[in-house]
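Engineer: Have a look at this one before I ask anything.
Where a number appears in this text, it was derived from the coordinates with a stated rule and is not lab data. Everything numeric here is computed off the predicted structure, so don't read it as measured data. Every residue, glycine among them, receives a Cβ derived from its backbone with ideal geometry; neighbour counts consider all protein chains shown.
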């Protein structure tokens, strides 16, 4: 018998799974277009909670599926790192931080020439093993990279090129970090930096509208499975309903309409954008706290969705995104949800 409350199910594990969305597709097409145009990198940006980090991890783990040309030939390998915060006062500190975040060393300090050679050797090894000439490196929180550090990265870029390899940086930046709008911050950068990594910049999209929501929900019906391939997440938590024809994607219209009604009720401005941070929490709640606990479950009601939205903090994040003060009513309703 299936244990619906098994703590080892990926849905109960932080970062235990990632659902493929249209936001991923836009990012993939953006990266591939920049590679085909011969750029050394590109940048994308967006506010907190949109799903940028999960998207990077998904694309890194599944590079063999999307990092291909029109003939399905592999274009490269991929990796991801998070740029640490804090002030790095020398090239040695920068290269040590890079090496540490990529798990190439556990040393507190490395000589700069040793650290950069470790990075070059790592790129050589990864590319050589896959028989490709390109490394796509996602750098999360790239807004933390200083102008001086971009000159260090230029040195790495040049060293890799000497080996007839290519380093393609995807700079993923938090646009609401410290209240700074970084959509067009390439304007003040030196031309050689722009030429390498800022020839193209695009916002990272949240889920947008009914079509995107339905597409993402469909991933729980078809792609995300556990513990066997014939057990998608939605079937795991609502097996009888699923086997009768119910799907999570069939609830997309109700979910969007209920969210819009809640926005109107709380006088939030209309918006079709839905950050992944609250979307995945909503799905978790609907499946594990409602569908799995209702013996006669055959679909959600508008009240089910409303309770789930309040219980997972949807309104709280939306008030922050709208830069509006959250009313006390929301806090009280959330506690009783």
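Engineer: Simple spin-label model, 7 Å along Cα-to-Cβ: residue 106 to residue 15 in nm?
Structural biologist: 1.8 nm
Engineer: Another question, if that's okay. GNM, the chain, Cα, under 10 Å: largest mean-square fluctuation among 154, 272, 37?
Structural biologist: 37
Engineer: Also, I was wondering about something else. Give me the percent relative contact order of the chain, please, defined on Cα pairs under 8 angstrom at least 6 residues apart.
Structural biologist: 20 percent
Engineer: Quick one: if the Förster radius is 30 Å, what FRET efficiency do residue 320 and residue 208 give, using the C-beta to C-beta distance and rounding to 0.05?
Structural biologist: That gives a FRET efficiency of 0.95.
Engineer: How big, in percent, is the set of alpha carbon pairs in segment 22-203 lying more than 28 Å apart?
Structural biologist: That tail contains 19 percent of the Cα-Cα pairs.
Engineer: Also, I was wondering about something else. Would you mind checking the tilt of helix 22-36 against the longest principal axis of the Cα atoms of the chain, expressed as 0 to 90 degrees and rounded to 10?
Structural biologist: Between the helix axis and the principal axis of the chain, the angle is about 20 degrees.
Engineer: Which value in nm describes the separation of the simple spin-label points at residue 147 and residue 36, placed 7 Å from the Cα toward the beta carbon?
Structural biologist: In this crude spin-label approximation the distance works out to 3.5 nm.
Engineer: A further question follows. Based on the Cβ-Cβ distance from residue 113 to residue 231, what FRET efficiency comes out when R0 is 41 Å, to the nearest 0.05?
Structural biologist: E between residue 113 and residue 231, to the nearest 0.05, is 0.20.
Engineer: Take the Cβ-Cβ distance between residue 328 and residue 87 as r, set R0 to 45 Å, and report the resulting FRET efficiency rounded to the nearest 0.05.
Structural biologist: Once rounded, the FRET efficiency stands at 0.65.
Engineer: Given points 7 Å out from each Cα along the Cα-Cβ axis, report the residue 266 to residue 62 separation in nanometres with one decimal.
Structural biologist: Using points 7 Å along Cα→Cβ, the separation is 3.0 nm.
Engineer: Report, in degrees rounded to the nearest 10, the 0 to 90 angle that the Cα long axis of helix 252-265 makes with the longest principal axis of the chain.
Structural biologist: 90 degrees
Engineer: Would you calculate a helix-derived [θ] at 222 nm for the chain, using -39,500 (n - 2.57) for each DSSP H run of n ≥ 4 and dividing by the full residue count, to the nearest 500?
Structural biologist: -14000 deg cm²/dmol
Engineer: Here is a follow-up. For the chain, treating each Cα as an identical point scatterer without solvent, what Debye log10 I(q)/I(0) comes out at q = 0.06, 0.09, 0.15 1/Å?
Structural biologist: -0.26, -0.57, -1.23
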